């Protein structure tokens, strides 16, 4: 199994999902949404039909799609996705997907060359928390896990890790988000990306000790840090999904 990539940029589906909701809600102009997504959604493919970004925006309106929802699934945790089909393997391989919901439902999955659209019969059912609930859960989680593992100290001793985190902070700072996005949400998205990166870096840099029980506890907590960070990220990226 390939090691998960250490992110140096913001997760693309979170960014795309946020801007798609801004477009579908009519809270940002077509021009501004196009500018925000032009470098991310160059081509969207539905079956064998490639759509440039402007055609994709038209297609969203023709299909009367109402909401976009971000999913960051990993093996064993589908993050709200409950349908089955060819898209699911791609979503698990890339670790991200966006469901598009309305009278008909679709899922948008990134591949190396483009983003691909698939119709789905079963829309996601996992509820989306209000962003302030996610903020509270994340704060409590970090306080708890921070007392049990030394991931942050482990990363702090590694110059390569520090450089990657600096690059991540730099790249996120240049992102443009919708004007109506609460500043607190923007800040939390950056913190969560940093926490996810720290978890992945700590997992990569960890050296086992002589104690098997300590090793098991450490790995379990590092995995929890990674998976919960992904879950919090998807929840927070969906702040506009059900809370206008």
Could you name every one of the strands (runs of 3 or more DSSP E) located completely within segment 1-83 that has at least 3 residues being under 15 Å from residue 235 (Cα atoms)? 65-71
When residue 78 is evaluated against the numbered criteria (1) without any contact (Cβ under 8 Å) to a residue 24 or more places away in the chain; (2) touching a strand residue (DSSP E or B) at 6+ places or on another chain (Cβ under 7 Å), which criterion, by number, is the only one it fails? (2)
Could you grab me the full set of residues in segment 199-239 that are at pLDDT 85 or above and not in a helix (DSSP H, G or I)? 238, 239
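The values are calculated or read from the model by the stated rules, or taken from the named source; none is laboratory data. All values reported here derive from a predicted model rather than from experimental measurement. With ideal geometry, Cβ positions are generated from the backbone for all residues, glycine too; neighbour counts draw on all protein chains shown.
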